[in-house]
């Protein structure tokens, strides 16, 4: 029987689905036997979603066999539709049973023709087939027999008889088709099957595979025939060149053969076969799942462990699957990796792929040589922070510490190097401290045994990392022990010890440690390193001295002689490293301003032009090092701008310090802005006394009108009167107040307040108002520090002496002032009340005064 249906397969199945829904609807609407037909419709409705899945499943190939099975089901459905329209009035439960069981046979044919379906879909079709084939309708569902047809309905009787005849003919035709499909599957001879498996095109190969698979399932093929024909080799060879659906069937067949016979496993365990199977690990989800399942079945052969590890990409793919979303494939990949890890080389490959549990297992329970092998490999790996975290979580730190404490020289060295690699992660540092290794490391550094000398460098590197954690302070006297080792060690160890000491000294809770460091002569011990030829050691010493200068400024000043100050100035002027310059400048900025001897040494060393020159070259991207440097420079400039020394201020102005200060107030960090604003305030305090009055006799040539300053009511110049107005400093100072951060408010307000001295108060108020400063001052009252609030209230009190400003800004100020009076800090309530009284919102005799 030839197939002449040209409909596309999805179209054919869709039409079948629509037919099922139509028949179910007809059954529900039947006027008679309502309960019986409702049950019939319920069963039919189970068929529709199965058909939908078959239509949408890309693994179902449009072969002659499957198409015939679907067409057979279509004919049975059409027969059912005819019977429902003209039902047999006698024993309807019996003929409906026949219809449903005929449909069940066709469903079974679909199942038989679709071996390539997924297992779960096969189960669904099989369950539906079983339900249809075993259906029984209780006769009690059927009402009493209807009366025999009378002459009045004779035409209907004739029509029903004719229909029954047609239906019987269709049934015969369907049975013939079933037989034909089964014959097509069984007529494929063994020789034909082998030829099609070897050389058939995709469709022929698929047909042969399906038949072969069914024959194996039914036990029709022997292992002897499989061996004689070389079936396993044939299937493995076709694995790399056939379509995805055929690869999936091959893997399922190979898995079945492997489970049935140990000899079959051996045939799949050669390097070529395993390589072909490993390639399937890189393909789609279903194929990967089947491939890893098959490889797991083969993994009980020791040869497989060795060979799989050597196949490029195998272990990487297994680790990827282990971490993937497919739970079945992940579980099988984990089991296979566990089996492969019995080989130490495989365990190392797994670690390189990011799976560390086997490596950690060897560290804990392996032989001494295995432990050394794993530790050495770990020390050489390019680990990411995520990998370090995984190793720490898997428990790698504890066995490595145990190796270091109890092992021989080779074990100590390999474990220390591995720990050094792990210690780059803060979480592992905490694990190291908990393990108690700090004492052992210090003991090693004090050791003079020659065989242990090679261990001292990695030990000092680990200590430097551990010192980054504040938890190291639980080891009392650790800093003193490191200091005592400083001059007894090689340059590499010295560098690590200085790094460690810098970290320890910088911890917020290390005040006692810093005091002990000072008492033990740490500063005096470190100063010679400023001239160290080794750049890394010199940089480390500079950083440590900077850290100590922040916490011990007086002690630092006592130890710094003129020669040391000159050395630090030379570092600032000539070091190629910005970080060295920043640390050196930072040390200088931390020396108390009150020490005039230091100021004089720095003046003679021409530090000011050096600093201005450095800060003139601003990088396009402002780095954290540049900000650190700028903050230090701004701190030093406070020393050169103190109001009590106009000569020093003049020196600063002549060296272009004021434009630099304005730049720092505009674009520096908050700390730099605060310090720069402080210097500007100091300079501005003397501007009024240094101005040149209109009628001054000092002018040989009258100054230009642009030199006149409306605030100071005289002629002002940046370099001689330090005028903030002429320097353009007021707008950036106001911008500080308008910003989101409040740390620099007080310094900015102090600078603005210098424009409100008694003699120029109204002029200064007008200028600040002109630059939109009054509204900014009112706004920060809500959120700034108490000291800044006090200064802001002082400024507003003077500003509001001018009636125009009181009228313009008084209303916006009163809301903030009332809230401050009620809820503000007790220290500012009195001045707040005075300002409210000034705005005539509070009587002068109020209790707030």
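From the list 506, 540, which one is surrounded by fewer than 20 Cβ atoms within 10 Å (Cβ to Cβ) and within 38 Å of the chain's Cα centre (by Cα)? Before you say what the answer is, go through the steps one by one.
On the way: 540 fails: surrounded by fewer than 20 Cβ atoms within 10 Å (Cβ to Cβ).
None of the other options fit; the residue is 506.
Looking at region 793-806, is at least one residue assigned to a helix (DSSP H, G or I) and under 46 Å from the mean Cα position of the chain (by Cα)?
Of the residues in region 793-806, the ones assigned to a helix (DSSP H, G or I) are 793-799, 803-806.
The next check asks that each one be under 46 Å from the mean Cα position of the chain (by Cα); those that pass are none.
Looking through region 793-806, none of the residues is assigned to a helix (DSSP H, G or I) and under 46 Å from the mean Cα position of the chain (by Cα).
Do you know which residues across region 313-333 are over 12 Å from residue 353 (Cβ atoms) and surrounded by fewer than 20 Cβ atoms within 10 Å (Cβ to Cβ)?
324, 325, 326, 327, 328, 330, 331
How many of the residues in region 343-373 are in contact (Cβ under 8 Å) with a residue 40 or more places away in the chain, buried (at least 19 other Cβ atoms within 10 Å of the Cβ) and part of a helix (DSSP H, G or I)?
5
Could you grab me the full set of residues in region 735-753 that are under 19 Å from residue 664 (Cα atoms) and assigned to a helix (DSSP H, G or I)? Lay out the reasoning, then the answer.
Narrowing region 735-753 to residues under 19 Å from residue 664 (Cα atoms): 735-752.
Once the filter is applied, which keeps residues that are under 19 Å from residue 664 (Cα atoms) and assigned to a helix (DSSP H, G or I), region 735-753 yields 735, 736, 737, 738, 745, 746, 747, 748, 749, 750, 751, 752.
Could you list, in sequence order, the residues of region 643-654 that are within 23 Å of residue 731 (Cα to Cα) and free of Cβ contacts under 8 Å to residues at least 60 places away in the same chain?
643, 652
I'd like to check which helices (runs of 4 or more DSSP H) are fully inside region 550-616 and have at least 3 residues that are more than 47 Å from the chain's Cα centre (by Cα) and not assigned by TED's automatic domain parsing to the domain that holds residue 676. Reasoning before the result, please.
Numbers: elements: 553-559, 562-574, 578-590, 596-604, 607-616.
Output list reads 562-574, 596-604.
Could you tell me which numbered condition residue 641 fails, if it satisfies all but one of (1) surrounded by fewer than 19 Cβ atoms within 10 Å (Cβ to Cβ); (2) outside any helix (DSSP H, G or I); (3) more than 43 Å from the chain's Cα centre (by Cα)?
Among (1) surrounded by fewer than 19 Cβ atoms within 10 Å (Cβ to Cβ); (2) outside any helix (DSSP H, G or I); (3) more than 43 Å from the chain's Cα centre (by Cα), residue 641 violates only (1).
Of the conditions (1) at pLDDT below 80; (2) surrounded by fewer than 20 Cβ atoms within 10 Å (Cβ to Cβ); (3) in contact with a helix residue (DSSP H, G or I) (Cβ under 9 Å, 6 or more places away or on another chain), residue 124 fails just one. Which one is it?
Result: residue 124 fails condition (1) only.
Only one of these is crowded, with 17+ Cβ neighbours inside 10 Å, in contact with a helix residue (DSSP H, G or I) (Cβ under 7 Å, 6 or more places away or on another chain), in the same structural domain as residue 746 (by TED's automatic domain parsing) and over 18 Å from residue 775 (Cβ atoms): 828, 795. Name it. Walk me through how you get there before you give the answer.
Details: 795 fails: over 18 Å from residue 775 (Cβ atoms).
Only one candidate qualifies: 828.
Go through 780, 774 for me and flag whichever is buried (at least 21 other Cβ atoms within 10 Å of the Cβ) and under 11 Å from residue 742 (Cβ atoms).
Values: 774 fails: under 11 Å from residue 742 (Cβ atoms).
One residue alone meets the criteria, 780.
Which one is farthest from residue 504 (Cα to Cα), of the residues in region 519-537 that are touching a helix residue (DSSP H, G or I) at 6+ places or on another chain (Cβ under 7 Å) and loosely packed, with under 14 Cβ neighbours inside 10 Å? Step through it out loud before you land on a result.
So in region 519-537, the residues touching a helix residue (DSSP H, G or I) at 6+ places or on another chain (Cβ under 7 Å) come out as 520, 522-527, 529-532, 534, 536-537.
In the following step, the residues that additionally are loosely packed, with under 14 Cβ neighbours inside 10 Å were identified as 524, 531.
On the way: 524: 18, 531: 23 Å.
The qualifying residue farthest from residue 504 (Cα to Cα) is 531.
The values are calculated or read from the model by the stated rules, or taken from the named source; none is laboratory data. As the structure is a prediction and not an experimental result, all values here were calculated from the model. Cβ sites come from the backbone with ideal geometry, for glycine too, and all protein chains shown count toward neighbours.
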